[in-house]
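These notes concern the structure reproduced below.
The values are calculated or read from the model by the stated rules, or taken from the named source; none is laboratory data. Because the structure is a prediction, the values reported are computed rather than measured. Positions of Cβ are backbone-derived with ideal geometry, glycine not excepted, and every protein chain shown enters the neighbour counts.
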Amino acid sequence: MGTAPQWHNPQFSFWQHQAPVGLPSDHLPTTADVVVIGGGLLGCCTAYWLARNGVRVTLLEQSAPAFGATGRNGGFHVIGTSEAYHTTIANFGHADAKSIYQITLDSRSLLRQVVAEEQIACEYREPGRLNLELNEDERGAHTQAIAALRADGFAAEQLDRAQVQALIKTPLGADIIGGLFAHEDGLLQPALFVQGLLAAARRHGAQICLAQATNITADGSGVRLETNTGSISAGAAIVAINAWSDRLIPVLKGIITPVRGQILAYAPIPMVFPIGIGAAVTSTGEYWHQTPNGSIVLGGCRAIAPDGEVGLLAEGTTPAVQSAIEGVFPRLFPQLHGLDVAQRWSGPMAFTRDHTPIADQVPGIERTWFVGGFSGHGMPFGMRVGQLLAEAATHGTTPAALHALRLDRPTLKS
């Protein structure tokens, strides 16, 4: 058993610094029933369900668990995609849109179950999420979204300015006229969740290996993976590397596109935001939540950067975007003072054309599946999509529940 990698880079996130890596690396075996590539949310969820079901699974991670978007996001666990529900219906059709939202609803139920059963300490709670309305156009769009959500049994409520003020413990700025409130949406410490899930997977028999997969090919009735530490043969494989997908699956170039997101954390202050909040201060959107210790994690403002940071995988922050992020609270909450930036970082998201993830079989390689392109909303899909991918690898066919996330859907075509 090898040594465990440790966080040391100042560009690592608030979450990563709170969750120093403690899981050691196993030696790479020569065979496995299933190999999972990627130690982010989706890879860890898939490996967990496989191990829990008694499958001999090996997970490969090139750096450390939750190294990418999983450990660098805003810590939200919400329902749906980054698009409003009525927009998703218009793009996908009613049946597929409802199926996509149901996946995230099921994922929340599984998250509650597994956090309790495995006793994962990750600050998970469900205070709700508020999307602020800064103009009448946004309020009208929320009205449409809520009507569509309620028609299909999904919970949401439109609040006026006074109701919004009752949820936020600092006076509102003049721009805020109301908001859409989802009562059961959750918040969590994502790096701690992934570490807890990996520890549970190992207790159920999974092997966790620090190794970078460099090539994957069909091998008789299974697959063969080459890594920087050796090769491994398996009956099936799951590729869950999100922003890095096209490095291992070249056909995904231009379909799953990396996008850099920048975030900062303010030093702890008394509780102001007991709920998760989003707002469209810029066209690419902003989001924040205050952790139990009083720190505030705030991200967004990609629109300020050239090309919206599309195509960027490099770590690092830029003065223009960070300055724009620091301008969010003075505009929306002009009486909120005493904010000191404690940390800045960026994260490698991955977007698709229709802002919805893909989970499907790898073209040309049987018994190999991939998942990615969560477009800033990966946390809501993890537990259920991981469970479905584990089912695919075990039984050799893609579950019908993943149909709406297929690679050949019309919304991904130019």
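Here are the numbers for the structure shown:
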| read-out | value |
| --- | --- |
| Subset of region 302-326 [in a helix (DSSP H, G or I) and not charged (D, E, K, R)] | Ala303, Ile304, Pro306, Gly308, Pro319, Ala320, Val321, Gln322, Ser323, Ala324, Ile325 |
| Residue tally, condition of a type in the set (S, T, N, Q), under 15 Å from Ile100 (Cα atoms) and part of a helix (DSSP H, G or I), over region 361-414 | 2 |
| Residue in region 185-206 that is touching a residue at least 40 places away in the same chain (Cβ under 8 Å), within 26 Å of Asp408 (Cα to Cα), outside any strand (DSSP E or B) and over 19 Å from the mean Cα position of the chain (by Cα) present | no |
| Condition check for Ala95: part of a helix (DSSP H, G or I) and either of a type in the set (Gly, Ala, Ser) or at negative phi (or both) | yes |
| Residue within region 282-301 that is among the aliphatic types (A, V, I, L, M) and assigned to a loop (DSSP other than H, G, I, E, B) present | no |
| Selected residue (only one of Gln195, Gln102, Gln165, Gln113 is among the polar types (S, T, N, Q) and assigned by TED's automatic domain parsing to the domain that holds Phe329) | Gln165 |
| Test result for Trp345, in the same structural domain as Tyr266 (by TED's automatic domain parsing) and not β-branched (Val, Ile, Thr) | yes |
| Check on Ala121, free of Cβ contacts under 8 Å to residues at least 12 places away in the same chain and out of contact with any His (no Cβ under 9 Å at 6 or more places or on another chain) | no |
| Residue match in region 326-340 (condition: over 27 Å from Leu167 (Cα atoms) and either aliphatic (A, V, I, L, M) or over 17 Å from the mean Cα position of the chain (by Cα) (or both)) | no |
| Any pair with Cβ under 7 angstrom, 6 or more apart, that starts in region 261-275 at a residue that is under 14 Å from Leu187 (Cβ atoms) and part of a loop (DSSP other than H, G, I, E, B) and ends at one that is modelled with pLDDT of 95 or more and basic (Lys, Arg) | Met271/Lys169; Ile275/Arg129 |
| Matching residues in region 238-261 - criterion: being among the small types (Gly, Ala, Ser) and over 13 Å from the mean Cα position of the chain (by Cα) | Ser245, Gly254 |
